[in-house]
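Trainee: Quick one: the structure is below, questions incoming.
The values are calculated or read from the model by the stated rules, or taken from the named source; none is laboratory data. The structure presented is a predicted model; accordingly, all values stated were derived computationally and were not measured. Neighbour counts run over all protein chains shown; Cβ positions are idealised from the backbone, glycine included. Areas reflect the complete protein model, heavy atoms only, side chains present, ligands, DNA and RNA absent. Shrake-Rupley method; radii C 1.70, N 1.55, O 1.52, S 1.80 Å.
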Amino acid sequence: MESKASKGEVHVIVFPYPIQGHINPMLQFSKQLASRGLKVTLATTSTFSSKFKKLKSSSITIETISDGSNEVATPENVDAYIEKFDVVAPRSLSQLIEQKIGFEHCDVRCLIYDSTIPWALDIAKKFNIYGASFFTQSCLVSLIYYQVYHGILSVPIQGPGICVAEMPFIEATDLPSFVRQVGVHPSLEKLVIDQFSNYGEADWRFFNTFEALESKAVKWMTNQWPVKTIGPCIPSTYLDKRLPDDKDYGLSLFEAQTDACIQWLDAREPTSVVYISMGSLASLGREQMGEIAKGLQKSNKYFLWVVRSSEENKLPMNFKENISEKGLIVNWCPQLEVLAHCAVGCFVTHCGWNSTLEAISLGVPMVAFPQWTDQPTNAKCIVDFGKIGVRVKVDKRGLLTADEIEFCIQEVMDGKQTKEIKNTATKWRHISKQATEKGGSSDRNIEEFVSKLLYS
Ligand code: UDP
């Protein structure tokens, strides 16, 4: 069959929301597409594009588009950020596509846009190219937002919880924060629900998950509109190993203290270290940081704790200086390398979807400490559906106490459930690998998409 590529390169433009947790999986998906013969341009803001490390083997180009700001979206500035983004970015994205379409040897065929940017589909239609929506959250979380958009669930969701898609009961505390408490972050609430405003009109709907992990949610969503699971979108070294040198995402806002982390882990015994991170956005109070610090000390385990530089001033006085060889605090780490290190025995996580998929893919048991947005539902997936960890209980003040964190670490690392959790984690590791390997469910979905673009 003659490939479109013979008339010039078949080109897709990928447009993630410019935050770390959305860029990572979409960049990883881009690498998968590029390795299968597509030319890929990833459009992002200058804050991120300046940090891109080009892969030797990949044909991904990073292009800068304007978002109208010189800052990154954070929980504090997000309302103003979204407002500017929605005015400036459509123009900037249109200009980029126009410029690429004007390039002679390039056949721009598809815009793969972040599902939280539904207006991007209008731009794809304007240029008469395919539009594919990419969901960076779990299928279950998307299903809940879908039902809210269509009025099947009304918000705020009240009562003890919900039953959806023939799945076990989901308690109220496991629901995404935006459907339980309405009006706290109005722009973000609108953003997640509006993902479904033109959902059925997209040519493809990609989900960063894998069939076996969320079969019931995937089935329910597919019954509405076909969806394609294409995850876990994590660097190839840790899963299918088909992309050479693909050890990290390659685009990070923060500088990882790689040597310090790996050398320190190299000196520890297997499964002796607690790794703790709250991702790129979550921010804890001073009192909470104090309780975690105390709990880590009480656990008497070695620990590697990521405390972003903006959070460091909340650590107890002299804590960092006095932890001796028992702990290492860094501002950012190469998370995948850390999770893959044999010294790591437990991951205390805020349950961001990327962190969740990374730990599942690497078979690392978790202590779930969800904060907001989709994280409580991801915690449910980790603990009750996946059975690869425990969830912390917070006290009446909403605090995770030192005793509780010590207890949860003990449960995961030295408790009655330890062996079972570890075995289940190892099982999930194999299943996630299978999904991405040749012929696996995610691999087949990617292949099908690429073939459609190249040959029809
Ligand atoms: N991450 C990292 N180093 C760190 C902490 C996090 O590389 O020290 C990466 C992590 O591997 C993941 C992303 O940052 O890919 C965080 O995404 P996630 O969805 O877990 O959480 P968010 O930051 O969006 O809350």
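Trainee: Between C342 and N77, with labels modelled 7 Å along Cα→Cβ, what's the label distance in nm to one decimal, could you check?
Mentor: 4.5 nm
Trainee: How high is the relative contact order of segment 258-316, in percent, with contacts defined as C-alpha pairs under 8 Å that are six or more residues apart?
Mentor: Here the relative contact order equals 46 percent.
Trainee: Given the peptides 67-78, 122-133, arrange them by the average over their residues of other C-beta atoms within 10 Å, most packed first.
Mentor: 122-133, 67-78
Trainee: Oh, and also: Cα-Cα pairs above 27 Å in segment 272-401: how many percent?
Mentor: Details: 939 of 8385 pairs.
Looking at segment 272-401, the distances longer than 27 Å represent 11 percent of pairs.
Trainee: While we're looking at this one, here's another question. For the chain, with all protein chains present and a 1.4 Å probe, just round the carbon and sulfur fraction of the accessible area to a whole percent. Intermediate values should be presented prior to the final figure.
Mentor: Numbers: 9470 of 18830 Å².
Carbon and sulfur together cover 50 percent of it.
Trainee: Another question about this same structure. Can you give me the Cα centroid spacing of segment 249-274 and segment 8-37 in angstrom?
Mentor: Their Cα centres are 26 Å away from one another.
Trainee: So, for segment 276-374, what is the accessible surface per residue at a probe of 1.4 Å, expressed in square angstrom?
Mentor: 33 Å²
Trainee: Could you rank the peptides 258-267, 409-418 by their average count of other C-beta atoms within 10 Å per residue, with the highest value first? Spell out each step's value before the answer.
Mentor: On the way: 258-267: 14.5, 409-418: 17.1.
Ranking the peptides 258-267, 409-418 by packing returns 409-418, 258-267.
Trainee: Based on C-alpha coordinates, I'd like the Rg and Dmax of segment 390-445, in Å.
Mentor: 17.0, 49
Trainee: Here is a further query. With an 8 Å Cα cut-off and a minimum separation of 6 or more residues, compute the relative contact order for the chain in percent.
Mentor: Numbers: 850 pairs, mean separation 72.4, N = 456.
After rounding, I find 16 percent.
Trainee: Kirkwood hydrodynamic radius for segment 244-307: how many Å is it when counted over pairs of different Cα atoms? Before the final figure, lay out each step's value.
Mentor: Details: mean 1/r = 0.0715 Å⁻¹.
Every distinct Cα pair counted, the radius reaches 14.0 Å.
Trainee: Express the accessible area of segment 27-102 per residue in Å², computed with a 1.4 Å probe while the remaining protein chains stay in the model.
Mentor: Details: 3400 Å² over 76 residues.
Computed with neighbouring chains in place, this is 45 Å² per residue.
Trainee: Hey, another quick one. Per 10 Å bin, what percent of the C-alpha pairs of the chain does each bin hold, from zero upward?
Mentor: It works out to 4, 21, 32, 27, 13, 3, 0, in whole percents.
Trainee: Then there is this: Given a cut-off of under 8 Å on Cα pairs at least six residues apart, what relative contact order in percent is computed for segment 356-441? Don't jump to the answer; show the numbers that get you there.
Mentor: On the way: 95 pairs, mean separation 30.3, N = 86.
Computed value for segment 356-441: 35 percent relative contact order.
Trainee: If you don't mind, another one. Once Rh for segment 222-337 is found with the Kirkwood sum over Cα pairs, what is the Stokes-Einstein diffusion coefficient at 4 °C and 1.567 mPa s, in µm²/s? Before the final figure, lay out the partial values.
Mentor: On the way: Rh = 16.4 Å.
Rounded to a whole number, D works out at 79 µm²/s.
Trainee: How much accessible area per residue does segment 103-183 have, counting only protein heavy atoms and a probe of 1.4 Å, in square angstrom?
Mentor: Numbers: 3260 Å² over 81 residues.
Averaged over the residues of segment 103-183, the accessible area is 40 Å².
Trainee: Stretch F103-Q158 to full length: gain in nm at 0.36 nm per residue minus the Cα-Cα span?
Mentor: Extra length from F103 to Q158 when fully extended: 14.4 nm.
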